[in-house]
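A short worksheet on the structure shown next.
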Amino acid sequence: MLWFVAGAILLIVALLLSLLGFAKVIRAKEYGVENARAAADKKEIGVSMLIAAGAVATLGLVGVALSTTYFQDPGESKVIRGFGRGISRIDDKPGLGFKAPWQTIATFNVRNQRIEMFGGSESRNPTVGSDGAAIVAPVQGSANVTISVTVVYSIKEDKVGDVYTNYGNQANLLDTALRPNIRDVVRTESARFEPFLIKERRAELEVAVREKLKALWDPIGVRLETINWGDFRLDDATEKSLAAVNQAKANAERERNNLLKAEFEAEQTRVIAKGDSDSDQIIRCGAKTIEIVEVIAGKETKVTKVIPLPQSLCQNRLNAQVLTARWLNTLEKIGAKGNLIVVTPDGPNGINPRLDLPLNSTTNPASK
C-alpha cells in the first residue's frame, strides 16, 4: 500500500509538472519577435518541466508496479486485504505473487516457532529470554518456584484467516494470547505440587500444562508442538529446607542399609548354626532326613529337613576333646599294624621326644 500511495503521489506531481510545462511552451509562442529572448527562456523552462514530469512519472509507475507484486518465502502465509480489514484471499504458495495496488498484506509464519521464557532476577540469570523472564509460579505451602520453559508452536495453515480476523497480526497473537496463556497455565498447574516433589514430577506437570494449552490454542488455530522445561529453582528458604530433607533421607537410607546388613548377618549366623546342629544330629545321633516344600522368596522350593532325635540317643558331642581322642584311637589302630612313627613338636625343654610303636615281626630287626 505504501508503494501505491507513493507512486500515486509521484504521478500526480508528474501530471502537474506536465501541465505547467505545456503552459510555458504555449505561452512562449505568444511572444513576438521583439521578445524572442523572453520566448526562448519560457520555452526552455517549459521543456525542463516536461522532462522532470517524465522522470517523476517514471518513478511513480515503478512505485505502482512494486505495489502490485510481492515475494513469499516457504513456510509463510499471506493474507491479502482489500480496503479496511476485509480478506480478499489467502496465499500460502512460495515465490512471486501479484495483487491489486490498493491491497495490503499481513504475513504469518506457519513454521515451528519458539517462545522462550528464562532468566531474570528470580532465577539469578541476567540474560532474559526473548519472550520474557522465567515464570515465578506458586507451589503448595506458600512457596514459589521459578520455572524456565521453551514452548514450540506453529500456526495451522488452514486457520491463518481466523488468526488474522481475531488478532490482526502474529505479534498481537503472541502478546495477547500465547505468552499470557503459558504463564497463567504454568502458575495454575504448579500450585497442585508440593515444593519437594515438583522437580521430580516434571513429566506430570508437562502433561497437565499440555492439556490446558491445547484446549486454549486449538480453537484459535495454533498447534502446540513441544514443551521443554529448563531450571526449576525454589526460593532460598525452601531450597534450604529441601537440602535438609534430602540429607535426612540419605541418613535414613544409610541406617536402613545398616539394619538390612545386620539382619542378613544374623540370618547367616542362624543358618550356619542350624547347619551345624543338623550335621551334629546326623553324625552323632544318626538322624534321618526328608524332603519338604517350603516357600522361599515367594517361590515353592524343595529343601532337606533333618528329623532330630533326643539327646539320650546321641553320643558325646563332637567337641575338641572328643575329636582328639578319636584321632589318637585311630593312630593306635594304625600303629598296631606296624610301620607308624609319630613325632611330636618340640617340647618345653627344646627336645624332640619320639613315640615308637611296636613293629610287626616281618619288619622288626630285633625279632629276627
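Derivation of every value follows stated rules applied to the coordinates shown; laboratory data play no part. Everything numeric here is computed off the predicted structure, so don't read it as measured data. Every residue, glycine among them, receives a Cβ derived from its backbone with ideal geometry; neighbour counts consider all protein chains shown.
Worth a mention:
- Restraint check, Lys78/Lys99; Lys240/Lys261; Lys261/Lys305; Lys199/Lys240; Lys212/Lys249, Cα-Cα greater than 23 Å: Lys240/Lys261; Lys261/Lys305; Lys212/Lys249
- Taking a straight line from the alpha carbon of Lys333, these aspartates and glutamates sit under 17 Å away, with near neighbours fewer than eight places off in the same chain left out: Asp356.
- Of the chymotrypsin sites (Phe, Trp or Tyr not before Pro) found in region 79-153, those in coil by DSSP whose Cβ has at most 16 other Cβ atoms within 10 Å are Phe83, Trp102.
- Cβ-based net charge around Ser148, under 10 Å, with every Lys or Arg adding one and every Asp or Glu removing one: -1
- Computed from the C-beta positions of Lys199 and Arg114, the FRET efficiency with R₀ = 30 Å rounds to 0.85.
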